[in-house]
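Before any comments, here is the structure.
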């Protein structure tokens, strides 16, 4: 394991511990109809009444951290196997862009008013707000957030396939076949 991979694992463990120590909470108001309002991030050890951990958003945070760790792990593997002089390939740039998009999606999730909440498969939403300075009485719309993450990952995967490097001769049979082709071409000339 390289030094970069060790640093990556340490950062991933730190991020996961930070996420699990300060999970997202939903506040349940006594006056409303048991509707959860996004209450922000609090220490898991603080016993807050009428507050429940938003498990779906917490799971999504963990998934994004693990996906970004996987992306940067692939970048470190590509660095080790790359022999060319070009340091930043299209594949590496795609991985960085996907990681940045996932972070942006998590920092600006879709919110909706409490009064507009429905049980529809694709609910309406008011807009995207910065996670740490949202207006009051808003709820994160997790189905739309999941769709955003899925589309970013699908587009990133398609771009990685589009920028796949063409492999050169891989095994001895291919090399022998290429040498035979060269000999046949020389004879015919």
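The values are calculated or read from the model by the stated rules, or taken from the named source; none is laboratory data. Please read all numbers here as calculations on a predicted model, not as lab measurements. Reconstructed Cβ throughout: ideal geometry from the backbone, glycine too, with neighbour counts over all protein chains shown.
Side notes on the structure shown:
- Against the numbered list (1) exposed (fewer than 12 other Cβ atoms within 10 Å of the Cβ); (2) at pLDDT below 80; (3) closer than 23 Å to residue 15 by Cα, residue 130 comes up short only at (2).
- Residues of the range 51-60 satisfying the condition of being assigned to a helix (DSSP H, G or I) and surrounded by 19 or more Cβ atoms within 10 Å (Cβ to Cβ): 57, 60
- Of everything in the range 148-189 that is under 17 Å from residue 105 (Cβ atoms) and surrounded by 14 or more Cβ atoms within 10 Å (Cβ to Cβ), the residue that is modelled with the lowest pLDDT is 159.
- Some residue of the range 2-9 being closer than 27 Å to residue 148 by Cα, modelled with pLDDT of 90 or more and not in a loop (DSSP other than H, G, I, E, B): yes
- Some residue of the range 38-50 being surrounded by fewer than 15 Cβ atoms within 10 Å (Cβ to Cβ), at pLDDT below 85, in contact with a strand residue (DSSP E or B) (Cβ under 6 Å, 6 or more places away or on another chain) and more than 18 Å from residue 107 (Cα to Cα): yes
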